[in-house]
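What follows is calculated from the coordinates using simple rules that are stated; it is not laboratory data. Values in this document were obtained by computation on a predicted structure and should not be read as measured data. Don't worry about glycine lacking a Cβ; one is built from the backbone with ideal geometry, like all the others, and counts go over all protein chains shown.
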Amino acid sequence: MTGMKQIALDIGLASVPSFSNFFAGPNEAALKHLELWAGNSLRSPVPTYIWGEPGSGKTHLLHAVSEALHAQGARVGWMDASSLEPPEFSESWAAVVLDECHLYTAVQQEVAFNWFVNALSSADGHPRWVLAAGCLPPADLALREDLRTRLGWGHVYELHALTEPERRAVLRVEADARGVFLSDEAMDFMLRRFSRDLSSLMQLLDKLDGYALQTQRAITIPLIKAMLESE
């Protein structure tokens, strides 16, 4: 199974990203900040920027904020690197969310700057919350200067990826919650062969759970290999 480590787990999220299914670990301060402002009808008057290595939970948290706002009946403007034709700023948005800022093209940077300016100087006098994320701190982003400085103007949080013991503990709790027996050997195999990204590991566990039920087998290393070979 030479390509096992690089396998793409194209299986959809096991659950909708939320604050409750984000294991904060060393990122408690960032989580509390986002929960506070996502639950406040008065949006943060200054932007929030979170950064960290891939797999540290940035996109999960941005989606969690969006889901929390949607649950309140609020609309959100969202742009990431795949947004090739982002819409114009809308006064109906309660917040602007900018993901993967480090990958923005010149066109996306122009739109992001436009959204940023409009969000903080809305015609109704109520500033919109600007929430952004990238893999680098604001000062190191290879972006146009006016956008880069604005991203670093407000609250900035660095997210840290979970350690292996923390990922192991989260997997154990999730497996127990599902009533799944996950042997130490199977967990070692998952942690050794797959992404450090906790959401990918959770998706893998979700798929293994379904495959184990379908085949009436326990989750073991042979079962994991059999499932990958059946893809």
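Per residue of the range 67-74, what does 6.51 cos²θ - 1.76 cosθ + 1.60 with θ = phi - 60° give for ³J(HN,Hα)? Whole Hz please, x for Gly and Pro, Karplus curve as stated.
Values per residue, Gly and Pro as x: 5, 5, 5, 4, 5, 8, x, 8 Hz.
How high is the relative contact order of the chain, given as a whole-number percent (alpha carbon pairs under 8 Å, six or more residues apart)?
Rounded, it is 26 percent for the chain.
Can you run phi through the Karplus equation (6.51, -1.76, 1.60; θ = phi - 60°) for the range 202-218 and list ³J(HN,Hα) in whole Hz, with x for Gly and Pro?
These are the phi-based 3J(HN,Hα) values: 5, 5, 4, 4, 4, 5, 4, 4, x, 5, 5, 5, 5, 9, 6, 10, 6 Hz.
Note down the magnitude of the dipole of the range 162-229 about its Cα centre, charges +1 on Lys and Arg C-beta and -1 on Asp and Glu C-beta and zero elsewhere, to the nearest 20 debye.
Dipole about the Cα centre, nearest 20: 120 debye.
Karplus couplings for the range 136-145 from phi (6.51 cos²θ - 1.76 cosθ + 1.60, θ = phi - 60°), rounded to Hz, Gly and Pro as x?
Values, residue by residue: 10, x, x, 4, 9, 6, 8, 10, 4, 4 Hz.
Once both axes come from the Cα atoms, what is the angle between helix 28-38 and the longest principal axis of the chain, in degrees from 0 to 90, rounded to 10?
On a 0 to 90 degree scale, this one is about 50.
Find, among the trypsin sites (Lys or Arg not before Pro) in the range 159-201, those assigned to loop by DSSP (not H, G, I, E, B) with at most 16 other beta-carbon atoms within 10 angstrom.
When the trypsin sites (Lys or Arg not before Pro) of the range 159-201 are filtered for loop state and at most 16 Cβ neighbours within 10 Å, Arg196 remain.
Taking amide H atoms as placed 1.01 Å from N in the peptide plane, list the residues 5 or more away in sequence, or in a different chain, whose amide H sits under 5 Å from that of Ile50.
Amide H neighbours of Ile50: Ala132, Ala133, Gly134, Tyr157.
Rounded to the nearest 10 degrees, what's the angle between the helix 106-120 long axis and the longest principal axis of the chain, both from Cα atoms, 0 to 90?
60 degrees
What are the residues whose amide H is under 5 Å from the amide H of Ala94, where those residues sit 5 or more places off or on another chain and H is modelled from the backbone?
Arg75, Val76, Gly77
Excluding residues on the same chain fewer than 8 positions from Lys207, give the aspartates and glutamates whose Cα lies under 15 Å from its Cα.
Candidates past the 8-residue exclusion: Asp10, Glu174, Glu229, Glu231.
Angle between the Cα long axis of helix 164-178 and the longest principal axis of the chain, 0 to 90 degrees, nearest 10?
It is inclined by approximately 70 degrees.
Provide Rg and Dmax in Å for the range 72-149, with only Cα atoms included in the calculation.
Over the range 72-149's Cα set, Rg and Dmax evaluate to 12.1, 36 Å.
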